[in-house]
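Please read the structure below before turning to the comments.
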4 protein chains.
Amino acid sequence: MAKLTGGVIPPMCTPLTPPRELDVPSLEKLTGHLLDAGVHGLFVTGSTGEVGYLPDATRHRVLEVVAGVAAGAVPVLAGVIDTATPRVIEQARAAARRGAAALVATAPFYVPTHQVEIRSHFRQIRAAVDLPLLAYDIPVSVHTKLAPETVAELAADGTLSGLKDSSGDLDEQRAVLETVDNAEFLVFSGSETMADTSLGLGAHGLVPGLGNADPHGYLRLHRAATAGDWTQAAAEQARLRRLFRLTQVGSRPMSRYSSAIGAFKAALVQLGVIEHGTTSEPMIALDETERAAVRRHLVEAGLLQE
Amino acid sequence: MAKLTGGVIPPMCTPLTPPRELDVPSLEKLTGHLLDAGVHGLFVTGSTGEVGYLPDATRHRVLEVVAGVAAGAVPVLAGVIDTATPRVIEQARAAARRGAAALVATAPFYVPTHQVEIRSHFRQIRAAVDLPLLAYDIPVSVHTKLAPETVAELAADGTLSGLKDSSGDLDEQRAVLETVDNAEFLVFSGSETMADTSLGLGAHGLVPGLGNADPHGYLRLHRAATAGDWTQAAAEQARLRRLFRLTQVGSRPMSRYSSAIGAFKAALVQLGVIEHGTTSEPMIALDETERAAVRRHLVEAGLLQE
Amino acid sequence: MAKLTGGVIPPMCTPLTPPRELDVPSLEKLTGHLLDAGVHGLFVTGSTGEVGYLPDATRHRVLEVVAGVAAGAVPVLAGVIDTATPRVIEQARAAARRGAAALVATAPFYVPTHQVEIRSHFRQIRAAVDLPLLAYDIPVSVHTKLAPETVAELAADGTLSGLKDSSGDLDEQRAVLETVDNAEFLVFSGSETMADTSLGLGAHGLVPGLGNADPHGYLRLHRAATAGDWTQAAAEQARLRRLFRLTQVGSRPMSRYSSAIGAFKAALVQLGVIEHGTTSEPMIALDETERAAVRRHLVEAGLLQE
Amino acid sequence: MAKLTGGVIPPMCTPLTPPRELDVPSLEKLTGHLLDAGVHGLFVTGSTGEVGYLPDATRHRVLEVVAGVAAGAVPVLAGVIDTATPRVIEQARAAARRGAAALVATAPFYVPTHQVEIRSHFRQIRAAVDLPLLAYDIPVSVHTKLAPETVAELAADGTLSGLKDSSGDLDEQRAVLETVDNAEFLVFSGSETMADTSLGLGAHGLVPGLGNADPHGYLRLHRAATAGDWTQAAAEQARLRRLFRLTQVGSRPMSRYSSAIGAFKAALVQLGVIEHGTTSEPMIALDETERAAVRRHLVEAGLLQE
């Protein structure tokens, strides 16, 4: 099976039918769309994949479908997102049985947790399931920040194989890159908008939600960065930063996710990749005006003809 | 089956064996201990019950055991705690099948959520499962506060039958009590330390974690309040406030829950109610010094002989 | 000079002329309005008095005017609000020279501060100026909460003579009341809406901004509480809770203070106490619709004829 | 007078004598130390300058002394830090009279403020005092983040000449750099540790507290960046990141500032620039062990011989 080595690994959207069942043909098409673009891996059941909304059976099916289409061509990472250790271990075991090449877990949430307990949490997950484990640092959801010292300690003892950093704190990301004493350890940026900067600091890969709609953009950015052409990387990033504004089309009372995940899915529909823009309950669906705004962003970014 | 009408409804601890399996005999004994004391209901799989740590199978078994022992004598409420609507509905259906008399659900967490979406969330849970639904307001875990207007609207349209308020915001609790235009709507305080004050403001019941160890104390407090003897209620509350300091015995690096839930369980062991003080991973276990401190609190509160 | 013993001590509004100079005649009239009502003290240059906006010269003049009118009949407390110890000591010395009977100071703000440093801060203020010192706990402005242990320690050693609690945390207010071992120590609630509850917990006085407009209401509430007539106190509180909604008349984009302080001043104008509703820059002025809404609240509360 | 054009502008420490009076000879020496190194400007009464602790008279004297030594060779920027508009305008007028070349002001703090009011706040300061105005974005102190749109609007209409960004949010810093449509507008990074990254994103200058102790380091970093030698800039930054750990020498209970400002001053004493390491009340003074740790950092960074 393909080894995880960095690069562009989009956190996949989870296509749903209007009655909110998993839309398997659309998921297969999305997988193909990303593989054809040349992504280095696929990340299922992450935040962009609506993992917080999906029942376990849907989470499992998503992984089976994507792993089936990928067929070992690239590693498939699975988000194993749950409130605390015993529940995360159950998610991890289920993912291991369904073909995950690596697991991505957050610190405990809902329950209050100390950094000492966070270390124990990751160690127990790693001990329970024999797959590479990445820590997912997403304080906006978890309401705890992983301290660079915590990450470094868990990298040093082999608990963690990598970090998916969605904290937005580039100073601490740099501290991790400086501190971790493990050549195999991989740092992935979860940012759509500071991807070139992260790569410039030494990050190994990108996990951008916007990469569902524009994998080629992030692959060009990554190639430019790998070639040391930072001017080209910044130019591509500038285009992607403008495109990323599509996540703000929802200006009615709705959560940030209703707007952002709704926009990613609306874009995938308009690009002909998936069939429906349906998002999970209780998110607010984008209306026609908002979908038209998504379309304008795609046209401006050169992804659609007017 | 007994109807939910307020009173003292302890959020039950979940006894575990040292290898962290459910300790069914201890759970049965704890249930009996609370029923014998005369509690008005039992609340399983709440925060005190380590719901955030328990796998689904354990959650289900806890409810079955407690509902079996209660046998309809008092209502058994079940916490159906998960990140967003579809997952909570699965929890709710599972609880309904296992004898829950009412459901207790929080707003979505982990995923960002708008108050508009929170209203839709509770409405869909209520529509999916035909059981009384209580909103669980616990911003320290959920990182969202339920606005009194949200609660009032959902009470008015019959979505919510009650509120378990663990927010600590008595001003907003009072606003709910003033605003809700539904004589059947029940407000429960989740506070161990301001129970008399809540009842004085018109709250209908108490859900105190400390009530595992001292149900008689909260029942005396509730009886005094019901009789309008606020001096007696305050005196009992003062004693319980001192006793509640046992939740702070853990002074090493550990989370607040490691100390508090560890202390509740240590107290139940020392009172002869359950067999083991074991808590879920990744909580830190109390050590001998800390357990001795719990013991001193029990002695001072008159619950144990020296 | 009158001694500080609790009771109702309104945090006075600071009347301004349209070009935002101190309106001395209106300030004198407001002082008389409150003294005639029978308040037990006056608190100038608090948050309701726009202290954060007022230049030092205006702060000083406010105190001189109010102390002059009060003429020792009741104690005049002065807010000495500044970022850290040396600046607060300057404010305190200026207030002492202008007739303050007691000083009210917050923990340092803007600068990060540890509880150890907070204790040192209050001790140095007390050592520098020989006047009773009250700690002002207002985390919404200061972004630090005074720990009950900090207050208790500073009460025990004579640093603090009292606490003005605007934290909204009644549990910790009760902890202070339980813990402080000093019979002279006074706890004041800064809440307009939970005043009866605070008095029921043992607080000694009230500092309600709404008391500018309705001092009689808070005095009736306080008298009922002092007489042990909690039903009457709660009824008065219920009326004042409804009246307090006037602070929410501003529904356009504006800060909470623009709406609340604007509403207090609009009420005072409509009640004929002060001349202008002008508030400090950069607050947004209430418009005619909002002022009409204030008027309706005053009529409903029985303070104005229709 | 020298024009403000970017570059390295250290936020100067404010040397104090042991009884906490301004140490004018040390301040003159520090000014000379920085001018000799070749800094492009000097920033007085910023956070590193203990502005939150300094009485007005000391703030004024600091500016006079530094402007006197600088004698127009480089621009002297003055922090005009106070809670709201009228108070900031007083600070601004005082600074203008004492030779400030530009003013640096935050959004209002202590008082709650809406983005609409923040815009009005900066416009009124600019209208009141005819000096270039920079917005100081420091949410850790002000508890409000300046929205990029707010900065862009105030840049477009000429209110703001620049931004000192101490928010740590490089994504929003980049948004400001992309959005501001004003070739004269200057963005300064307030970060010691991400200076090269900011310059890479297009920032025009640096305001690093650590630049008091090592101005040459930041000047080398800036020169390398200006020359497009990002490898060299990153190497210098890496050395400065290690040196910056001296701000964490204080491991006893104390605030972050006690440790960081104490460490900067201890470094300046050990480098022979200022006489005393004294910091303002209520900061905790570093002890001998902590000062020795500062020394080790200086030695490791090549600033001191062992």
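So the values come out like this:
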| item | result |
| --- | --- |
| Residue mean of other protein chain beta carbons inside 10 Å, A:81-91 | 6 |
| For the protein assembly as shown, convex hull volume per residue from C-alpha positions, Å³ | 172 |
| Solvent accessible area, Å² - B:TYR257, 1.4 Å probe, full protein context | 30 |
| Region D:1-75 pair-distance distribution - Cα-Cα, 5 Å bins, rounded % | 3, 17, 30, 26, 15, 7, 1, 0 |
| Residue-level accessible surface for A:HIS143, protein heavy atoms, 1.4 Å, Å² | 90 |
| Heavy-atom surface of region B:76-151, accessible at 1.4 Å and reported per residue (Å²) | 27 |
| A:HIS60, C:HIS204, ranked by accessible area, largest first (probe 1.4 Å) | C:HIS204, A:HIS60 |
| Region A:204-281 - percent relative contact order, Cα under 8 Å, separation 6 or more | 23 |
| Hull-based mean projected area of region A:90-210, where the convex hull spans the alpha carbons, in square nanometres | 7.3 |
| DSSP beta bridges in the protein assembly as shown [antiparallel fraction, %, rounded to 5] | 5 |
| Solvent-accessible area of A:ARG220 with every protein chain in place, 1.4 Å probe, in Å² to the nearest 10 | 100 |
| Average other protein chain Cβ within 10 Å of Cβ, residues C:66-72 | 0 |
| Closest-to-axis residue of chain C (Cβ criterion, axis taking C to D), whole Å | C:HIS143, 3 |
| Relative contact order, percent, chain A [alpha-carbon distance under 8 Å, six or more residues apart] | 18 |
| Sum of side-chain charges, D:MET283 neighbourhood, beta-carbon under 15 Å (Lys, Arg +1; Asp, Glu -1) | +3 |
| Computed [θ] at 222 nm, deg cm²/dmol, the protein assembly as shown (DSSP H ≥ 4; -39,500 (n - 2.57); rounded to nearest 500) | -14000 deg cm²/dmol |
| Part-to-part distance (alpha-carbon centres) for region C:1-60 and region A:213-260, which is given in Å | 54 |
| Interface size A-B, as summed buried accessible area [1.4 Å probe, Å², nearest 100] | 3500 |
| Of all accessible heavy-atom area on the protein assembly as shown, the percent that carbon and sulfur account for (1.4 Å) | 50 |
| Order of exposure, largest accessible area first, which applies to B:HIS33, B:HIS216 with probe 1.4 Å | B:HIS216, B:HIS33 |
| Copy-to-copy label separations for D:GLY272, where each label sits 7 Å from Cα toward Cβ, in nm and ascending | 7.5, 7.8, 7.9 |
| Label-point gap, in nm, between D:THR179 and A:ALA183 - each point 7 angstrom along Cα→Cβ | 4.5 |
| Entries of D:LYS29/D:LYS164; D:LYS29/D:LYS265; B:LYS29/B:LYS265; A:LYS29/A:LYS265; C:LYS3/C:LYS164; B:LYS145/C:LYS145 with Cα pairs more than 21 Å apart | D:LYS29/D:LYS164 |
| Whole-Å semi-axes of region A:7-229's equivalent ellipsoid (Cα gyration tensor) | 25, 22, 15 |
| Where GluC sites (Glu not before Pro) fall in DSSP loop in region B:145-200, at most 14 other Cβ within 10 Å | B:GLU184 |
| Surrounding net charge for C:VAL273, when Lys and Arg each add one and Asp and Glu each subtract one, Cβ distance under 13 Å | -3 |
| nm² value of the averaged projected area, convex hull over the Cα atoms of region A:200-294 | 6.7 |
| Order of exposure, largest accessible area first, which applies to B:ASP229, B:ASP181 with probe 1.4 Å | B:ASP181, B:ASP229 |
| All-pairs Cα distance distribution in region A:1-135, expressed in whole percent, bin size 10 Å | 13, 45, 32, 10, 1 |
| Inter-part distance where region A:107-156 and region A:269-300 are each reduced to a Cα centre, Å | 34 |
| Partner chain coverage, peptide A:276-282 - average Cβ within 10 angstrom | 5 |
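The values are calculated or read from the model by the stated rules, or taken from the named source; none is laboratory data. For clarity, every value in this text was computed on a predicted model and none was experimentally measured. We place every Cβ from the backbone using ideal geometry, glycine too, and count neighbours over all the protein chains shown. Quick note on the areas: whole protein, heavy atoms, side chains included, nothing else; ligands and nucleic acids left out. Shrake-Rupley method; radii C 1.70, N 1.55, O 1.52, S 1.80 Å.
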